[in-house]
Amino acid sequence: MRIESEQAFQRFVAQARKRSSARSREVLVCCGTGCLANGSAKVAEALAAELAKRGSDVPVATFTKRTGCHGFCERGPLVVLQPQGVLYTRVKPRDAAEIVEKSVIGGEVISRLVYKDPASGQRIPGYAEVPFYQRQTRVAMRNIGRIDPADIEDAVAHGAYAGLAKALFTMTPEQVIEEIEVAGLRGRGGAGFPTARKWRSCRAAAGDRKFVVCNGDEGDPGAFKDRSIMEGDPHSVIEGMVIGAYAVGAHEGFIYVRDEYPLAVVHLTLALEQARARGLLGANILGTGFDFDIRISRGGGAFVCGESSALMRSREGKVGEPRAKYVHATERGLFDLPTVLNNVETWADVGAILARGGAWFASMGTAKSKGTKAFSLVGKVKNTGLIELPMGTTLREIIYGIGGGVLGDRPFKAVQTGGPSGGCVPESLLDLPVDYEKLTEAGSMMGSGGMIVMDDRTCMVEVARYFLQFLTEESCGKCIPCREGLHQMLAIFEDLVAGRGKSGDIEKIERLARGMQLGSLCELGKSAPNPVLSTLRYFRSEYEAHIERRACPAGICRELTAYEIVETACNGCHACFKVCPVGAITGKIKELHVIHHDTCISCGACFDVCPTQAIRTFPKKELAERGVA
């Protein structure tokens, strides 16, 4: 069972590939968190039961495999038939019998289950031909959706640990670092610090005891790509960490996982046990004499613990607070010993880079931002999900090419990248290439990979207020500029959205933002003003409207917005009547409906469901002019 030589590793790979090829026909069921929430576990059970029931009628070596997230979350649960390459979307357990009968046994394609392109109306059965997948290039997510994350042999058959074997059997630690340098790999956690420089600094640090740490504390609203990697391909993370440990001379490692990611913990724990049993982790790895092991630490859910020094303090059992950045983790990190900390996606890239070469990775992307980047594409976009593409891909290609455009074909307004530390990029910059430098120039940042699409029904003042509220709750409170700056800024925004804004508020916001950027201890405080400053930069007129006209141009802020039905456009469909939560709408079917302002709470539910766009918004202050209380 244990691999103790290069020859033994090659035999293990050959054995794994032989086993994989014997399963010539696979029914891949997405069992990532998103699809599981939609019932994919029952789909997998139904398919397996149906295959067993049909017995000899089923083609030889047909196998049901539970995989990680395929990425196309909007269309889950997802089922892929291999080798046909047929993708079925929104599959229900009741579809299992038909899939087995018609597709697995009969070789037919079930038209109603394949993807329908919203633009052309065309049915696209081929997984690789669906625009959402066709436009992607996957490195960190190379095996997610292809392998069973609970089966190390399946992972090895698809290339796992090939990079580790190459590093341990044919390369020195310095050569490994040089290969990472050639690749131009930068940290995928947000800051984009050159990985090779960090590793080389740690290797040169004094002391025999060093650590390698994986930051799996992904806390940005709307971000879930690190979660999906840990759940769907834990071996890619483990392999990258072992390679990194070999390069810097570390023998102990930790994966710090957000406590809200229970499936990731289960799959990582199993993967670690399997890797140890095979000699890919622990003492005398692959018989080379190199010792390195990994333990899992579960975070308590504090957003600030995504910051490297706060994460390490938390791992030590202390309060998760950051420390001054002049203390470098590569010299004094975890337990004040030399430490390399990278995030999940960075570690997942390492094995592929070693296996295929740094030049291969560097051939993708831009001059300063090499390789690919994974994003969680969410919000008002038709194809929400998990994507990975070369650096330099434009926002337009991401939102309209991969994402399929704005939900309901409404006008695009902005896209928020980088989570609470990022900013909002407007329509005028849709052709902006996505890389570290360009996003920073636009007033945003890469962050951990969240990308939230917004339409014209999004109030940018409210967006900034939301992120300020999130950060006010998540700030550790250690330093005054962050603690008090966030509190004071949030108070101004609460007044703005409630119609209590006053002259001078914008200038006060800008002064507070500058103070936080200059004086905050860690990046949470320094970057907290980014959503505010970017919305002021591109949507200043909305702030002015809130203050000067007591109006919300997007019609979102309840204290500023009223709704009414346009008589000439209402067809009496009764849709608004059905969704109103307080009974503020009256009217019979096929007759004009009326909104009663003395009861209406301005929730906007009627606006969202009206099929004829018969409902319009107007400033609530006009109600007084109409004599409405």
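The values are calculated or read from the model by the stated rules, or taken from the named source; none is laboratory data. Since this is a predicted model, take the numbers as computed values, not measurements. Neighbour counts are summed over all protein chains in view; Cβ atoms, including those assigned to glycine, are modelled from backbone coordinates with ideal geometry.
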Checking L263 against (1) of a type in the set (A, V, I, L, M, F, W, C); (2) surrounded by 21 or more Cβ atoms within 10 Å (Cβ to Cβ); (3) part of a helix (DSSP H, G or I): exactly one of these is not met. Which one?
(2)
(1) in contact (Cβ under 8 Å) with a residue 60 or more places away in the chain; (2) of a type in the set (G, A, S); (3) not assigned by TED's automatic domain parsing to the domain that holds E474: which one isn't true of S527, the others all being true?
(3)
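For (1) in contact with a strand residue (DSSP E or B) (Cβ under 8 Å, 6 or more places away or on another chain); (2) within 16 Å of R258 (Cα to Cα); (3) of a type in the set (G, A, S), each residue gets a yes or a no:
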position: F303; (1), (2), (3): no, yes, no
position: M312; (1), (2), (3): yes, yes, no
position: R315; (1), (2), (3): yes, yes, no
position: A324; (1), (2), (3): no, no, yes
position: P338; (1), (2), (3): yes, no, no
position: N342; (1), (2), (3): yes, yes, no
position: G358; (1), (2), (3): no, no, yes
position: F361; (1), (2), (3): yes, no, no
position: G371; (1), (2), (3): yes, no, yes
Is it true that some residue in the stretch 86-99 is farther than 22 Å from S20 by Cβ and exposed (fewer than 13 other Cβ atoms within 10 Å of the Cβ)?
yes
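May I ask you to list the residues in the stretch 571-584 that are in contact with a Gly (Cβ under 8 Å, 6 or more places away or on another chain) and of a type in the set (A, V, I, L, M, F, W, C)?
Matches in the stretch 571-584: F577 only.
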Selected residue [under 22 Å from R465 (Cα atoms), among the hydroxyl-bearing types (S, T, Y) and not assigned by TED's automatic domain parsing to the domain that holds K502] from T617, T599, T612:
T617
So for the stretch 551-558 (the condition being under 24 Å from C476 (Cβ atoms), in contact with a Pro (Cβ under 8 Å, 6 or more places away or on another chain) and of a type in the set (A, V, I, L, M, F, W, C)), does at least one residue qualify?
no
For the stretch 147-164, check the following and say yes or no: at least one residue is farther than 30 Å from M445 by Cβ and in contact with a strand residue (DSSP E or B) (Cβ under 6 Å, 6 or more places away or on another chain).
yes
List pairs: first residue in the stretch 596-614 and at positive phi, second residue among the small types (G, A, S) anywhere in the structure, Cβ distance under 9 angstrom, at least six positions apart or on different chains.
S602/G555; S602/A562; G604/G555; Q613/A569
When residues of the stretch 534-557 are limited to those that are among the small types (G, A, S) and in a loop (DSSP other than H, G, I, E, B), the one farthest from G447 (Cα to Cα):
A551
When you look at V340, is it under 23 Å from V242 (Cβ atoms), in a helix (DSSP H, G or I), aliphatic (A, V, I, L, M) and in contact (Cβ under 8 Å) with a residue 12 or more places away in the chain, yes or no?
no
Taking helices (runs of 4 or more DSSP H) that do not extend beyond the stretch 439-533, which have at least 1 residues that are modelled with pLDDT of 95 or more and in contact with a helix residue (DSSP H, G or I) (Cβ under 8 Å, 6 or more places away or on another chain)?
460-474, 480-497, 505-519
Looking only at the stretch 258-289, filter to residues that are among the aliphatic types (A, V, I, L, M) and touching a strand residue (DSSP E or B) at 6+ places or on another chain (Cβ under 7 Å); which one of those is farthest from A302 (Cα to Cα)?
I285
Checking A545 against (1) over 24 Å from V425 (Cβ atoms); (2) aliphatic (A, V, I, L, M); (3) outside the structural domain of F607 (by TED's automatic domain parsing), the condition it does not meet:
(1)
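Every residue, every condition in (1) of a type in the set (S, T, Y); (2) within 25 Å of E388 (Cβ to Cβ), yes or no:
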| residue | (1), (2) |
| --- | --- |
| E4 | no, no |
| A52 | no, no |
| G55 | no, no |
| T62 | yes, no |
| R66 | no, yes |
| R75 | no, yes |
| T89 | yes, yes |
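Check L429, L496, L486 and return the single one that is closer than 20 Å to L524 by Cα and buried (at least 17 other Cβ atoms within 10 Å of the Cβ).
The unique qualifying residue is L486.
Scanning the stretch 435-483 for residues that are farther than 30 Å from T561 by Cβ and among the charged types (D, E, K, R), which turns out surrounded by the fewest Cβ atoms within 10 Å (Cβ to Cβ)?
Taking the candidates together, the pick is E441.
Residue-wise test of (1) out of contact with any Leu (no Cβ under 9 Å at 6 or more places or on another chain); (2) surrounded by 21 or more Cβ atoms within 10 Å (Cβ to Cβ); (3) of a type outside the set (K, R).
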{"residue": "L280", "(1), (2), (3)": "no, yes, yes"}
{"residue": "N284", "(1), (2), (3)": "yes, no, yes"}
{"residue": "F290", "(1), (2), (3)": "no, no, yes"}
{"residue": "V319", "(1), (2), (3)": "yes, no, yes"}
{"residue": "V327", "(1), (2), (3)": "yes, no, yes"}
{"residue": "R332", "(1), (2), (3)": "yes, no, no"}
{"residue": "P338", "(1), (2), (3)": "yes, yes, yes"}
Which residues, taken from the stretch 178-191, are buried (at least 19 other Cβ atoms within 10 Å of the Cβ) and more than 23 Å from G299 (Cβ to Cβ)?
E179, I180, A183, G184, L185, R186
Checking F224 against (1) in contact with a helix residue (DSSP H, G or I) (Cβ under 8 Å, 6 or more places away or on another chain); (2) more than 14 Å from G449 (Cβ to Cβ), the condition it does not meet
(2)
Considering only residues that are in a strand (DSSP E or B) and β-branched (V, I, T), which ones fall in the stretch 416-438?
T417, V425
Subset tally (residues that are among the β-branched types (V, I, T) and not in a helix (DSSP H, G or I)) for the stretch 195-239:
2
Residue that is small (G, A, S), assigned to a helix (DSSP H, G or I) and under 24 Å from E153 (Cβ atoms), where the choices are S103, S21
S21
What residue, among those in the stretch 535-562 that are over 29 Å from the mean Cα position of the chain (by Cα) and of a type in the set (A, V, I, L, M), is surrounded by the most Cβ atoms within 10 Å (Cβ to Cβ)?
L560
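Take V242 and tell me if it is part of a helix (DSSP H, G or I), under 18 Å from the mean Cα position of the chain (by Cα) and of a type outside the set (F, W, Y).
So V242 does not fit the description; no.
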List the pairs whose first member sits in the stretch 396-407 and is closer than 11 Å to T384 by Cβ, whose second member is surrounded by fewer than 18 Cβ atoms within 10 Å (Cβ to Cβ) and not charged (D, E, K, R), and whose Cβ atoms are under 6 Å apart, counting only residues at least 6 apart or on separate chains?
G404/P118
Based on this model, can you work out whether A157 counts as at pLDDT 95 or above and touching a Lys or Arg at 6+ places or on another chain (Cβ under 6 Å)?
yes
